[in-house]
Each structure stands twice: as C-alpha cells, then as structure tokens.
Amino acid sequence: MKINTMKLKMLSSALMIAGLSSGAVHALPLAPLFNSAPTATLLSDNSAEFLINVDGSTSAGGTPTVSAGDLLIAIVGINTIEGTTIGSGTSYNELTALNAVKVSSTPPPADIDFAPAGPDDSMGSQAIDLWQFAFEPLAATDAVAAGFNFSDFGGGQMTGDGTITVVFEDAANNYNRDGTIAQGITSATDGDLRFAIGLDATGSSDFFSAIAPLDIGDFLALSSVTAVDNSNLSLDGTITFQDFPGLVLNNDITGGNGGLSSSSNVAGGFPIFDNLDFTVNATLVPEPGSLALIGMGLLGFGAMRRAKRS
C-alpha cells in the first residue's frame, strides 16, 4: 500500500500541535496557574464579611459586639493565583468561596493588649481595642440561626461535618463583594465546586482565628476601606473535598498575615473586608483529553517515520 507521506506528515503535525498546545483550550481554567508540588501556590483573597449577632449583644453605642456563638459569614473572591490576577476583567475564570464559622467558646474571645496597654491596640490615631477570637465550624442547628440554609452550598457540606469553606470556579466572572449579601452569596456559589476546607477536630493542628475589634462599630467609624492596624487572620485547615480538573491538592491549606478593614459599601451589608493569603500544594495532572491528543500526535509521527523507512 502506498502511503502519501506529505498528507501523513501534515496530519501528524496537526495532531501533535493539538496535543502539545491543548493547554490553550485551558487558558481560561485555573489549574495551569498552580505550581506543582513541592513548590507551594499562593492564593490571595478579597473577602466581604458580616456578623450574625446571635445573642444580640451591643456596645454602649448600640452597635453589635462579638461574642461566643455569633456567626461570621464571608463571601470570598480570590484575587490572584501566584501573582496572576484572575476573575472579572481578565482572561481567567474567577475563584470564589462561601465561608461560614462560629465564634468559639473554647477558648472564649480574649482581650489582648499591645503596648501600651489599653484601648489603643490598633496604634496610631485609631485607638481601637483588639480581641482574639477562635472560630469553629457550624453545627447543623446554626443554619437556622443564620437565616441561610448552608446545606444548599457545596453539596450539603457546610453544616455539621467540619467544613468551613466551599470554593467554586466560575467562567461567569460575576462576583462583586460590594453588592448585597444575597447577590454576594449567589455570585460566589454559582460555579463548579472545586474544593472544600474544614477544621479537623480529631487531634490535628487545624485552627482559624482572628485579632479584630470586639465592636463592629469600630469598623463603621473608619473611613472607606481603611485597614485596622494590627488586625490579623490565621488559618490552618484541611481540604476535605476536591474536584479540580488537572490538579490533586494536598490536604493541608494554610493562610495568614491578612488584615481587616472597613467596607467600601456598608449599604451592601458588609461592614468588614479582609485580605488573606492562602498557601496550597498541588500536583498537576494532565487531563485525559490532553493525554489522548498528545498520544495521537506521537502515533502520527511514528507512522510517518515508518512510512519514510518503507
């Protein structure tokens, strides 16, 4: 049988190019932005929070104060992956999340003093008293207190099983933390569930804590998007679920050095903003479609070489 080597060469070249450049198909998905372990990948978030004041406690000024049992809900947009900006206005999908935790009573909120002692922990002219809070996952009954059915998000993973965060990848790029709470929840959870983060209570080192004002009024008193000096968020969590095409995530995720600030749009319902960097280790795995295209390309070149020898 006579083989048209020119046509075979063109076909095999096309297949090989398709196989090797299949990443172009994945220019919008986020997996290619992750480093391969053991090199960690840094993700920076841009969150809007609101407090559900379960016990109704207030300061002398009438604004809510944080106490054990209160619920902190964060609508999260990831800004960058390894320094690459993602989401709205870029060529990449957005990565968003819903985070829901309860202020823990073990340990209870504690007043902490940076020198000099007194209600000036934030330093400078802010003179804000800062407290330390530990957070724990929601119990099944907390969904009722929150007024939201968190079991609707992430396949029912947010109440009673240790999950604190569900993370979604979405090509719509429609998340906006300056909107209303309802808009924020909808836009943050309308993508494909990629992974969930939990706090393992079985003797692990997992924790989620904050150094922050006790009085929500301290945020409201600051001008728009003003950082609260010395505020901080810290996280050491466990990835409890993952379905991230092209990636296998290590089960540990850590974050810290985040700061809290006042909102840019209090009318939207979010008095608190934050910026928290997360670190995750991931192994990059070629998707089956990419492997198939590469394989077809290699087979084409093999056939071409055999045709030349004949």
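The values are calculated or read from the model by the stated rules, or taken from the named source; none is laboratory data. Remember, predicted model here, so these are calculated numbers, not experimental data. When we count neighbours, we look across all protein chains shown, and the Cβ atoms used for this are built from the backbone with ideal geometry, even at glycine.
So, in segment 130-144, how many residues would count as being closer than 13 Å to Thr106 by Cβ and without any contact (Cβ under 8 Å) to a residue 40 or more places away in the chain?
Within segment 130-144, residues that are closer than 13 Å to Thr106 by Cβ and without any contact (Cβ under 8 Å) to a residue 40 or more places away in the chain number 0.
Can you tell me which residues in segment 139-163 are polar (S, T, N, Q) and outside any loop (DSSP other than H, G, I, E, B)?
The answer is Ser151, Thr163.
For segment 212-253, which residues satisfy the criterion of being touching a residue at least 40 places away in the same chain (Cβ under 8 Å), under 20 Å from Ala68 (Cβ atoms) and of a type in the set (S, T, N, Q)?
The one that is touching a residue at least 40 places away in the same chain (Cβ under 8 Å), under 20 Å from Ala68 (Cβ atoms) and of a type in the set (S, T, N, Q): Ser231.
Please find, among Leu30, Leu71, the residue that is under 23 Å from Ala196 (Cβ atoms) and modelled with pLDDT of 95 or more.
Leu30
Within segment 162-181, how many residues turn out to be hydrophobic (A, V, I, L, M, F, W, C), more than 19 Å from Ile86 (Cα to Cα) and touching a strand residue (DSSP E or B) at 6+ places or on another chain (Cβ under 6 Å)?
1
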